[in-house]
Each structure stands twice: as C-alpha cells, then as structure tokens.
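Quick notes on the structure that follows.
The values are calculated or read from the model by the stated rules, or taken from the named source; none is laboratory data. Bear in mind that the values here come from a model prediction, so they are computed numbers and not experimental data. When we count neighbours, we look across all protein chains shown, and the Cβ atoms used for this are built from the backbone with ideal geometry, even at glycine.
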Amino acid sequence: MTTKNIKNEKLNILAILAVSLSTVIAVLDSTIANVALPDIAKDFGISESSSILVINAYQFAIISSLLVFAALGRKVGNKRIFTLGVFLFAFSSLGCALSQTLNTLTFFRAIQGIGAAAILSVNAALIKTIYPSKLLGRGLGINVMVVSVSAAAGPSIASVILSIASWNWLFTINVPIACTSLLLCMISLKSTKNTENRFDSAGAGLVFMTFISFSLFMLGVTNNNRTEVYLGVVLLAVLAITFYVNQNIKGDSALIPMTIFHNKTFSLSLLMSMLSYSTQLLAFVSLPFYFHNVLNRGVVEIGMLLTAWPLATMLTSIVAGEVIKKINPNLVAISGLFLLSVGTMLMALLSNEPSNIQIIWRVAICGFGFGLFQSPNNYLILTSISDKHSCIASGLLGSSRLIGQIIGSALVAIFFNFYGNYGTVISLFTGAFFSLLSLTVSYYRFKSNKKKIILQKIA
C-alpha cells in the first residue's frame, strides 16, 4: 500500500468518529445507570433490589445476542448491523428516558442492550476495514482506550448528571449522540459484500439460550440463590454441549466455526482478554466500598481516585498500538500483564491509612498495565485469523470482555457475602492471580509463536 493510500485511509475521520461515538455510548450505558438505581427505585416506589432489573436487562440482552449479530454481519454486512444497532440504541434510549414504570424501563433497557450488542459485535471488524494494516495497531489502541475509559467513567459521569438533573437524563443524552453517529455511519462507512449465503438459525438459537442460562447462573451466584445456581448450571452444561456438537458437525457453515479455535494464538488471546476484564471489574467494583467504608473517602474523592486507571489506560493503549509496529506484540502484552499483576498486588497490600497519592500511583500502575496489554492482545486476535472470520472474531472478542466483566462483578458479590469488609482485599488478590495466570498463558503463547516461526524457516 502506498504512502498516499495510507494517508487517505488515515484521514477517514468520520468513519473513526462514527464507530467511536457508538462504542462510547454502548459501553458507557453498561455502568452509567448503576448510580441512579436508588433514584429509580424511589420514583417507581419499588425496592432497590427490584431496580437491579434495569442493569440485568441490559447486560443479559448484550451477552445473549452479541454473537448472533456477529454472525449476521457475515451475511448482510457489518455496516448494516452496526447502523441497525445505533438506530435501536437511539430509539430505546428515548424510550428509557420517557418510561413511567419499571416494566417499561426494563423493556426498553433490553432493546437498548440488543442495540449495544449489534454495535459491539462488529466494531472491531469495522476497525480492521477502516485502518490499513500498517495502522491497525493504532486503531485498536484507540478502540481499547474508548472501551476502557467509557466503562470506567460511567459512574463519574452519572454522578455529575444526577447532581443537576433527574435519572431520565442519563438516557436522554444518548439520543443526540446516537443520531449523530447514525448519520456519520450512513455517509462514512463502506458497505461490504455478503460473504455468507446462509445463516445458521439453529446455532443462533442455541448460542442465545446458552448465554441466557449463563446469565441465570451468574445472577443466582450474585444473589446467593441456590435454585437459580443449580438450574443455571444444568441448563448451561446441556446447552453448551449441544451447541458444541451442533457447531462441530456443521463445519464452516456453523454460526461459530469450531476450527478457528484450533489457532492457539486466537484461543489463548480470548482467554486472556476474559481474565484481564475480570481483573478490572474485581478492582472497580470492590474498591469504592473499601474507599468509602474503610478509608472514609467521599463520593467525589472516590471518583477521582479511580480515574487514575482510565487515564493511564488511555495513555498506554495508544502508545502500545504504535509500539507493536516495532516490537513483538506478545512481548508488549507480557509487559502489560506484569504491570497489571504488580499493580493489583500493591493495591491488595495497601497500608491501613494510605494517602490519596499512595492510592493513585498504585491504581495508575494497574491502568498502565491494562492498556499496555489490551491493544496488542486485540491486535493478535484480529490478525491471527482470516478476513472471512473477522466478524465472528469481533463478536467473540466482545463476548470475552462481557463474560469477564460479569464474572468479576459476581466474584466481588461472593467475596463480600463471605468476607465482609475483607472482600476488597480478597478481590484484589484474586485479580492479581488472574493477571499472573494471564501472564503465564501469554508467555506460553509467545513461546508457541516463536517455535512456529522457527519451524517455518526450517521448512
């Protein structure tokens, strides 16, 4: 590709902005409503535990439909799926803002989750088409920054909005942003040719039900409800085995071709993505309780302390996207996981009466490591498989992130139920263990790739 072509691709700012804006609101809304639950419960005259349906409806809708949309992207094109997602998100956000009952709000939150799933299912695949190969690392670095900062900034943004307006405005602000993004999508994103003649509807139904059962299981774990846990485990096991057998028989015509998991780099990278996001949520869900209940920090102060993570991630994710042009992405990912492990361990070993500075630099180390790992890891996921599987790879990447976040949040709930105020320390040590496990897997991935290259040279 010539320098001129690279510049032209690089200057496609509208396409980058369209994908980034939509990704921001889709990720932001996974956490922005948490802070408003007490206000929502008060307005509707319901218990705070009942209001959690507003969060669950969004999360479960995303996780259950994301891979379905990723597969549909192969048949109808990524642009159509993405623009459909943005439209659904804009429509449902307006519905959420105007809701007068919990049932109505929950319904529109589920639609909003479906729209977010359509957006997140193909956003990585779109990035692969927007950026030329020489700039793909930069594009993925920007995407990591957008996702990480949006997820982490949700509670802080919600606090600011709620200090001057009602909870309805948390959803109202999405409407003009989504409409702007929709317009940008229509004029800037390129349509792609259909690469699939058939759609595996049976596989889509199975993957949908499998993730619904996973959600039921995790909901039972979080609420310490044994009935939901046992039912979820049985359904999850039966559906997962059925889905695997169904997809294996269908080969390349399957919703998720099982052959792509034969690629060690791809499979191991997805596993590490899930573990790293579990680590992030283990810290982000548990630390506010520790800061408030044990260290007696105020809400605004807690927000400032945690902001060090997304700020550090924002810096290193872009840097990592550039560095992988010159340094093996595996080595960059290993260094990031090392920093993440060290940071979470240092947070777990924090003194009894730490200053804000002592907290901030530890949180920042976690953020630096997280950003340094995500960009090269995403790069390896998308470049380790053929272009025809880019859609499903994008969907699996998004699914690994969501599964990791759900697992991290559920573990925090378990640890607080069993260990009380010590739950934060246990959560952080668990996060450190996950990071060290990812570090081990990353080193194995590096050695496997190195051995493969040597064998190719000999051959």
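Do we have Gln374 as in contact (Cβ under 8 Å) with a residue 40 or more places away in the chain and over 25 Å from Val229 (Cα atoms) here? Answer is yes for this residue.
Do we find that Ile385 is surrounded by fewer than 24 Cβ atoms within 10 Å (Cβ to Cβ) and touching a residue at least 60 places away in the same chain (Cβ under 8 Å) in this structure? In short, yes. Loosely packed, with under 14 Cβ neighbours inside 10 Å and closer than 30 Å to Ile407 by Cβ - does that describe any residue in the stretch 180-187? No; the residues of the stretch 180-187 include none that is loosely packed, with under 14 Cβ neighbours inside 10 Å and closer than 30 Å to Ile407 by Cβ. Sub-8 Å Cβ pairs linking a first residue in the stretch 253-273 that is closer than 24 Å to Gln374 by Cβ and without any contact (Cβ under 8 Å) to a residue 12 or more places away in the chain to a second residue that is assigned to a helix (DSSP H, G or I) and small (Gly, Ala, Ser), at least 6 apart or interchain, are Phe261/Ser267, ordered by first then second residue.
Of all the residues in the stretch 326-368, those that are closer than 27 Å to Thr383 by Cβ and either part of a helix (DSSP H, G or I) or touching a helix residue (DSSP H, G or I) at 6+ places or on another chain (Cβ under 6 Å) (or both) number 16.
Identify the residue in the stretch 437-459 that is under 13 Å from Leu271 (Cβ atoms) and exposed (fewer than 15 other Cβ atoms within 10 Å of the Cβ) and, among all such residues, is modelled with the lowest pLDDT. For the stretch 437-459, the residue satisfying everything is Tyr444. Meeting the requirement of 3 or more residues that are at pLDDT 85 or above, the helices (runs of 4 or more DSSP H) wholly within the stretch 39-118 are 53-76, 78-97. Within the stretch 317-331, restricting attention to residues that are more than 22 Å from Phe433 (Cβ to Cβ) and touching a Leu at 6+ places or on another chain (Cβ under 8 Å), the residue that is modelled with the highest pLDDT is Pro329.
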